[in-house]
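Scroll down for the structure; my scribbles are underneath it.
The values are calculated or read from the model by the stated rules, or taken from the named source; none is laboratory data. On a predicted model such as this, the values are computed, not experimentally measured, just so you know. Quick reminder, even Gly has a Cβ in these numbers, built from the backbone with ideal geometry, and neighbours come from all protein chains shown.
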């Protein structure tokens with residue numbers, strides 16, 4: 001059976017597609033630049049424990065005697081390149097760990113979105129009928145509530161329910177789950193559309209006639225063809241999740257100050273911004289903005305590149 | 001002098017890596033009041049030709065070289081502003097699908113009045129009167145009422161009539177109709193074609209009818225141009241071409257008509273497909289599908305010869321003529337004589 | 001058409017019921033109304049009696065029915081903190097939020113429309129490319145960073161504008177307290193509404209540009225060109241009208257985003273609107289107020305969305321009424 005139906009799978013397999021994208025991105029300076037910066041961020045996030053001058057888990061990391069020291073070029077204190085925060089932590093280290101945390105939450109949340117989206121999208125598209133109508137109706141309604149609104153409300157209520165201390169323990173998990181669940185329809189819709197398009201094609205019919213099971217058809221035959229559109233929204237979704245996480249942390253509904261993400265860092269820095277300790281808010285803000293900016297640029301570039309029908313004009 | 005003359009027109013689509021040529025060396029002319037048909041399968045470049053005559057090619061497409069003269073005036077060098085005066089007023093165009101040709105958010109009346117008022121100084125009420133007159137002229141019932149309606153309230157056939165009325169408003173000298181009945185029900189196609197023919201006759205307007213359907217051509221056009229893969233392959237009087245097609249492609253097109261097949265017989269379709277723009281064959285573009293193709297066809301592009309019936313670009317015809325014609329005797333000695 | 005409207009209304013009612021049930025559950029789970037009423041000095045028996053009297057021992061569905069009945073009569077409970085009807089508390093804050101959103105939306109429309117149209121008409125132009133690049137950049141700056149730094153520069157460093165609150169208000173027609181009609185109020189409004197507009201504008205620039213590019217490729221635009229109509233008329237009458245319909249629908253869907261952003265903006269500028277009130281209520285665990293806020297926001301949200309959908313369907317009958325469409 002395997003030998004029989006394998007040639008029926010369209011030739012657009014993953015490695016060639018990836019190579020195609022990479023070769024195209026080399027021709028576009030802005031996109032290449034964005035990709036490099038993004039890769040740098042990923043690397044820094046992965047290696048944060050190795051790169052950070054101070055270990056966030058060690059006891060002497062926090063030392064109130066060093067609190068609110070300005071950056072190196074203003075204080076001359078070579079121990080802290082970007083200065084220290086209000087609790088005397090080395091700002092550079094905190095930012096490295098914060099970036100790691102923000103990216104982790106963003107990626108995990110989007111993985112949940114992807115998982116839910118793939119399952120529901122495949123189900124909806126392949127089975128069709130009333131189930132499809134119902135699921136897509138739900139998707140519409142869910143999408144019409146903005147993620148931010150849902151997340152703020154849900155997390156606020158949970159915080160009120162659990163109390164502040166207990167909530168902080170669970171913050172990361174809650175963030176991932178809420179952001180993950182809130183946006184499944186985006187993936188589900190795209191997968192459903194792909195399934196509907198692919199379902200009509202001959203190779204799926206052929207596979208079905210040969211008695212390949214439905215589940216197998218969906219995962220082996222249809223899913224590989226949804227990679228391109230998923231790739232396009234993946235980057236933008238992760239960027240959105242990171243922004244949402246930052247906003248929630250800023251409101252005090254996300255990561256606690258003891259384990260700060262970029263948003264939480266900015267939040268704690270804002271109060272000191274007005275008393276002159278600008279660096280505590282400014283450096284994490286710049287870090288966050290650049291990260292989101294390059295991800296958006298990459299997402300845009302992928303979309304323009306993988307759906308080439310945009311961008312034409314008129315005489 | 002001819003009203004519109006096209007000479008050695010080349011149209012290319014500029015791509016980042018390579019230019020794709022869509023029209024090759026197209027030359028023809030239309031006289032005042034003449035009805036000309038341009039025939040070919042989809043992808044032959046008929047619509048691109050139509051759009052390039054009014055400078056409405058979609059974006060990467062440009063006129064690379066050649067000239068289009070209207071009433072002696074060169075059109076390819078006009079500015080956007082000058083084009084605005086030509087379009088609608090001198091050369092008008094009817095599109096394929098009436099369902100998407102009218103702007104859905106503007107009323108029929110708005111779309112008629114704006115056409116008049118952008119070319120003539122006239123007040124709204126006079127323009128409206130003129131518009132309603134034209135609606136009646138294309139045999140639309142209760143025109144005053146239709147004037148107020150929105151496109152979605154009209155049927156496809158009705159919309160195409162409205163479009164014809166809009167086009168007539170400005171008394172153009174040429175109408176280019178790009179497959180005007182393809183998107184319509186078979187039952188109303190004949191009516192629209194009849195109307196189109198009649199309004200052209202009544203107003204002395206020249207018509208360039210772009211179509212893939214020889215059945216349509218025979219009813220309307222006096223002269224026919226057959227296109228294949230961006231080139232003209234045959235042109236001549238419609239009746240003669242239909243009775244005695246010269247080019248193998250024209251023969252194929254005519255043979256493929258349902259009327260030509262006996263009941264129960266399969267339609268005689270031409271084998272193969274029209275080449276894509278990025279995959280243009282060498283020599284005569286038709287040779288991969290041509291039953292008479294020789295090595296010469298694969299290597300060289302045929303020029304035009306007059307066959308006695310029509311002007312044709314085909315080596316087979318050229319060779320045949322040479323055999324009969326002592327003047328060109330040196331060509332007759334070739335091959336298996 | 002009628003069935004479409006009815007279906008939308010049914011859907012709206014279902015969504016509202018879900019929201020109301022969620023708020024009911026919140027109110028039940030958060031805090032103990034009996035303790036709020038009598039404190040801890042009362043004996044367990046007395047408390048039980050009070051619970052019975054209040055119907056707190058009834059089955060959940062019965063309680064929910066009662067909650068719904070009261071809600072329909074405009075009674076969403078009494079705020080623990082303000083000791084006032086929650087609806088009154090919210091109604092007092094509503095104008096501030098509405099004025100803020102309104103001003104932000106006006107700014108968004110004024111800025112996004114010309115920029116989006118320009119970028120669509122001249123897609124290859126360097127200015128269009130910069131507009132697009134800047135809108136991507138704008139999209140990448142989280143609203144709280146925008147708000148904080150606007151406040152820092154304009155209010156703290158340069159002392160040009162007030163940094164928090166709503167300033168003076170005037171009573172308008174005896175209906176609401178407005179900050180729109182005096183200088184102080186407008187000065188206070190400026191920073192928050194610019195912050196909101198700053199993050200919403202890029203979304204709309206991109207939306208308008210994308211829609212307009214699509215429209216400009218359509219056959220009816222080509223036909224309009226072939227009629228010899230002037231370019232401004234084609235762009236601003238033929239194309240823009242068709243562009244705005246989908247933009248309005250997507251704009252309607254952005255209501256949720258707007259509500260979320262007002263919460264952030266209001267917290268930063270201490271703008272006495274509903275969002276600020278909500279975050280306060282969360283800190284104070286003011287359960288009735290939280291649940292009332294949810295219901296009111298849910299109502300605003302569902303009404304705008306349904307209205308936008310129905311209006312879109314009415315204004316634009318050429319659309320095949322979508323059961324669901326991307």
Legend entry - Residue within the stretch C:195-204 that is more than 10 Å from chain B (Cβ to nearest Cβ), surrounded by fewer than 23 Cβ atoms within 10 Å (Cβ to Cβ) and in contact with a strand residue (DSSP E or B) (Cβ under 8 Å, 6 or more places away or on another chain) present: no
Inset, instruction - Look through the stretch C:277-288, keep the residues that are facing chain A (nearest Cβ under 10 Å), surrounded by 24 or more Cβ atoms within 10 Å (Cβ to Cβ) and in contact (Cβ under 8 Å) with a residue 40 or more places away in the chain, and return whichever of them is nearest to residue C:83 (Cα to Cα). - result: C:286
Legend entry - Any hit, the stretch A:121-133, residues being assigned to a helix (DSSP H, G or I), surrounded by fewer than 22 Cβ atoms within 10 Å (Cβ to Cβ) and within 9 Å of chain C (Cβ to nearest Cβ): yes
Inset, instruction - Give the residue, chosen from B:210, B:241, that is part of a helix (DSSP H, G or I) and touching a helix residue (DSSP H, G or I) at 6+ places or on another chain (Cβ under 8 Å). - result: B:241
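Being out of contact with any helix residue (DSSP H, G or I) (no Cβ under 7 Å at 6 or more places or on another chain) and closer than 30 Å to residue B:214 by Cβ narrows it down to one of B:101, B:187, so name that one.
When all the criteria are applied, what remains is B:187.
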Legend entry - Top-ranked residue in the stretch C:144-158 [being more than 7 Å from chain A (Cβ to nearest Cβ) and touching a residue at least 40 places away in the same chain (Cβ under 8 Å); ranked as farthest from residue C:190 (Cα to Cα)]: C:146
Legend entry - Selection from the stretch A:277-299 of residues that are surrounded by fewer than 23 Cβ atoms within 10 Å (Cβ to Cβ), at the interface with chain C (Cβ under 10 Å from one of its Cβ atoms) and over 14 Å from residue C:142 (Cα atoms): A:278, A:299
Inset, instruction - With the condition kept exactly as written, say whether any residue in the stretch B:154-164 is at pLDDT 90 or above, surrounded by fewer than 23 Cβ atoms within 10 Å (Cβ to Cβ), away from chain C (no Cβ under 13 Å) and not in a helix (DSSP H, G or I). - result: no
Inset, instruction - Can you give me the number of residues within the stretch B:91-131 that are more than 9 Å from chain C (Cβ to nearest Cβ) and part of a loop (DSSP other than H, G, I, E, B)? - result: 5
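Residue by residue, here is whether (1) part of a helix (DSSP H, G or I); (2) crowded, with 21+ Cβ neighbours inside 10 Å; (3) more than 11 Å from chain A (Cβ to nearest Cβ); (4) touching a helix residue (DSSP H, G or I) at 6+ places or on another chain (Cβ under 6 Å) holds:
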residue	(1), (2), (3), (4)
C:232	yes, no, yes, no
C:241	yes, no, yes, no
C:262	yes, yes, no, yes
C:271	no, yes, yes, yes
C:275	yes, yes, no, yes
C:290	yes, yes, no, yes
C:306	yes, no, no, yes
C:312	yes, no, yes, yes
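Any residue at all in the stretch A:167-177 that is within 14 Å of chain C (Cβ to nearest Cβ), surrounded by fewer than 24 Cβ atoms within 10 Å (Cβ to Cβ), assigned to a helix (DSSP H, G or I) and in contact with a helix residue (DSSP H, G or I) (Cβ under 9 Å, 6 or more places away or on another chain)?
yes
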Inset, instruction - Being surrounded by fewer than 19 Cβ atoms within 10 Å (Cβ to Cβ) and more than 10 Å from chain A (Cβ to nearest Cβ) is the filter; apply it to the stretch C:130-143 and report the residue that is farthest from the chain's Cα centre (by Cα). - result: C:130
Legend entry - Failed item, numbered, when residue C:175 is tested on (1) surrounded by fewer than 18 Cβ atoms within 10 Å (Cβ to Cβ); (2) in contact with a helix residue (DSSP H, G or I) (Cβ under 9 Å, 6 or more places away or on another chain); (3) within 14 Å of chain B (Cβ to nearest Cβ): (3)
Legend entry - Verdict on residue C:85 being over 30 Å from residue A:283 (Cβ atoms), more than 13 Å from every other protein chain (Cβ to nearest Cβ), free of Cβ contacts under 8 Å to residues at least 12 places away in the same chain and crowded, with 17+ Cβ neighbours inside 10 Å: yes
Inset, instruction - Please state which of the following conditions residue B:267 fails to meet, knowing it meets all the rest: (1) in contact with a helix residue (DSSP H, G or I) (Cβ under 9 Å, 6 or more places away or on another chain); (2) outside any loop (DSSP other than H, G, I, E, B); (3) at pLDDT below 85. - result: (2)
Inset, instruction - Answer yes or no: is there a residue in the stretch B:221-240 that is more than 17 Å from the chain's Cα centre (by Cα), more than 18 Å from residue B:29 (Cβ to Cβ) and crowded, with 21+ Cβ neighbours inside 10 Å. - result: no
Legend entry - Number of the condition not met by residue C:223 [criteria: (1) more than 8 Å from every other protein chain (Cβ to nearest Cβ); (2) modelled with pLDDT of 90 or more]: (1)
Inset, instruction - For the stretch A:233-282, enumerate the residues that are in a loop (DSSP other than H, G, I, E, B) and more than 15 Å from residue C:148 (Cα to Cα). - result: A:252, A:253, A:254, A:255, A:256, A:257, A:258, A:259, A:260, A:261
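In the stretch A:25-43, which residues are outside any helix (DSSP H, G or I) and within 15 Å of the chain's Cα centre (by Cα)?
So the first thing to find is which residues in the stretch A:25-43 are outside any helix (DSSP H, G or I), and the list is A:26-28.
Answer for the stretch A:25-43, where residues must be outside any helix (DSSP H, G or I) and within 15 Å of the chain's Cα centre (by Cα): there is none.
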Inset, instruction - Say whether the condition of being within 12 Å of chain C (Cβ to nearest Cβ), buried (at least 16 other Cβ atoms within 10 Å of the Cβ) and in contact with a helix residue (DSSP H, G or I) (Cβ under 7 Å, 6 or more places away or on another chain) is met by at least one residue in the stretch B:57-66. - result: yes
